[in-house]
Amino acid sequence: MKSVALIFPGQGAQKVGMGRDLYDNIPAAKGIFDKADEILGFPLSRTIFEGPEDQLMSTACCQPAIFTMSMAALEAFRWSDKFKNVSVKYTAGLSLGEYGALHAAGALSFEETLRLIQKRGAFMEEAAKIHPGKMAAVIGFDQAQLVTICQTAGCEIANFNSPDQIVITGHAAAVEKACQMVMAAGGKKVFPLDVSGAFHSSLMKPAADRFADALKNVNFTVTDIKVITNVNGRPEMTPDEIRGNLSKQICSSVQWVDSVGFIAAEGITDFVEIGPGRVLKGLIRKIDPAIQVHTVQSAEDLAALPF
């Protein structure tokens, strides 16, 4: 039996039509979309499958949409014969994807996770209106030098996505200044991200504070499957630790490089990316080319799994 880690994508992976193939061909996946519509009280699946795109792209909508599609793909994987041949040892997710990792590990029910994500997305969207900002990806630039530039410009590091890709965040003027400084210092490429706010920055503190209150009455279950947290790239061990990390995560840097490195150091060589897109596969190729990343976002992907 192959030991694997399940990994889940974050905001930005969404696209209109994602998961329709699973909905049409795998009853277990259809059940997840239908359940999400029932829990939320509106047809989220219709927006996922048909758009309009601007509605799907909004933070308040895309976060529950990505989670729902990812969990439909997870149920399809669990339903398949391929799942009988693997042993899930770790789960992890990029930002929003950490919620998929928690549910997949058995730490939180689907309904509780979806309701939390709905609140998280709404709080973050409101915080972005109070404190507008932007994010940009920096490609092929020294990490330590970028940290210094961000401190000088007055912005922050949002994501350590790979050794070659770091995302910065903050007030628009500060991010733009940092981008100019990077290029002046010999940077290869910087580009703005199509997001509605300065996520994973101190500008999100109003959202983090409100979310901390929402987490107080949530019951998390400790499971044998270890969930790697974005905050420090290490396993979350207790319910209180999970609550604290999920609140901190909204403002703190996503330690994706360290998360992947920790799992790989534990001897896991096969990761399964579950959900829309193949962003994580591309990032992990830069982090550790020895890791095999398999994707599950369609019935065809399930059939192609080598397990």
### Task
Specify which residue in the list Ala29, Gln297, Ala265 is farthest towards the positive end of the charge dipole of the chain, using unit charges on the beta carbon of Lys, Arg (+1) and Asp, Glu (-1), about the Cα centre.
Ala265
### Message
Skipping prolines and chain starts, which residues have an amide H placed within reach, meaning under 5 Å, of the one on Thr295, given they are 5 or more residues away or on another chain?
### Response
Glu273
### Message
Could you tell me how far the Cα centroid of region 182-248 sits from the Cα centroid of region 26-40, in Å?
### Response
27
### Message
Let me spell out the model: positive unit charges on the Cβ of Lys and Arg, negative unit charges on the Cβ of Asp and Glu, origin at the Cα centre of region 133-192. What dipole size does that give, in debye rounded to 20?
### Response
120
### Task
Round to the nearest 0.05 the FRET efficiency obtained for Ala184 and Asp240 when R0 = 45 Å and r is the Cβ-Cβ distance.
0.50
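Once you sort the root eigenvalues of the Cα gyration tensor of region 203-261 as a ≥ b ≥ c, which label holds: rounded (a/c under 1.5), prolate (a/b larger than b/c) or oblate (the other case)?
Values: a/c = 3.66, a/b = 1.15, b/c = 3.18.
Taking the square roots of the gyration eigenvalues as a ≥ b ≥ c, region 203-261 is oblate.
How much mean residue ellipticity at 222 nm does the chain get from its helices, if each DSSP H run of length 4 or more adds -39500 (n - 2.57) and you divide by all residues, to the nearest 500 deg cm²/dmol?
Numbers: 14 runs with 154 residues, N = 307.
That calculation yields -15000 deg cm²/dmol at 222 nm.
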### Summary
So the angle from the long Cα axis of helix 256-265 to the longest Cα principal axis of the chain, reported in degrees to the nearest 10, equals 50
### Task
Give the angle, between 0 and 90 degrees and rounded to the nearest 10, that separates the Cα long axis of helix 172-184 from the longest principal axis of the Cα atoms of the chain.
80
#### Entry: Long-range HN-HN contacts of Gln11 with modeled amide H, under 5 Å
Leu96, Gly97
### Query
Hey, which lysines would be in cross-link range of Lys177, C-alpha to C-alpha under 25 Å, not counting anything within fewer than 8 residues on its own chain?
Lys129, Lys134, Lys188, Lys189, Lys205
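If you build the Cα gyration tensor of the chain and take the root of 5 times each eigenvalue, what three semi-axes come out, in whole angstrom, biggest first? Provide the component values of the computation, followed by the final result.
On the way: eigenvalues 170, 100, 71 Å².
Ellipsoid semi-axes (Å, largest first): 29, 22, 19.
Does region 133-192 come out rounded, prolate or oblate, given a ≥ b ≥ c as the square roots of the eigenvalues of its C-alpha gyration tensor, rounded meaning a/c under 1.5 and, failing that, prolate meaning a/b above b/c?
Since a/c stays below 1.5, the shape of region 133-192 is classed as rounded.
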### Query
With axes computed from alpha carbons, what is the tilt in degrees of helix 110-130 against the longest principal axis of the chain, rounded to the nearest 10 within 0 to 90?
20
### Gaussian network model of the chain, Cα within-10 Å springs - most flexible of Leu22, Leu146, Leu40
Leu40
### Normalised contact order of the chain, rounded percent, pairs of Cα under 8 Å and 6 or more residues apart
25
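Where nothing but the Cβ of Lys and Arg (+1) and of Asp and Glu (-1) is charged, how large is the charge dipole of region 1-111 around its Cα centre, in debye to the nearest 20?
Numbers: 10 positive and 12 negative charges, 109 e Å.
Around 520 debye, computed over region 1-111.
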### Task
Return the single residue from Ala127, Ala290, Ala208 with maximal mean-square fluctuation; model: Gaussian network over the chain, springs between Cα atoms under 10 Å.
Ala290
### Summary
Looking only at aspartates and glutamates whose Cα falls under 19 Å of Lys35's and that sit 8 or more positions away or on another chain, we get Asp21, Asp24, Glu50, Glu75, Glu111, Glu112
#### Entry: Debye, to nearest 20: dipole size of the chain, +1 on Lys, Arg Cβ, -1 on Asp, Glu Cβ
360
### Query
What residue among Met57, Met237, Met18 shows peak mean-square fluctuation when the chain is described by a Gaussian network model with Cα springs under 10 Å?
Met237
### Summary
The long-range amide H neighbours of Val227, using H built 1.01 Å from N in the peptide plane and a cut-off of under 5 Å, are Thr91, Glu236
## Note on the structure
Using alpha-carbon positions, the gyration tensor of region 82-237 gives root eigenvalues a ≥ b ≥ c; with a/c under 1.5 called rounded, otherwise prolate if a/b exceeds b/c, else oblate, the class is oblate
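Read-outs: derived from the displayed coordinates by stated rules, not from any lab. What you see is a predicted model, and the numbers here were worked out from it, not measured in a lab. Reconstructed Cβ throughout: ideal geometry from the backbone, glycine too, with neighbour counts over all protein chains shown.
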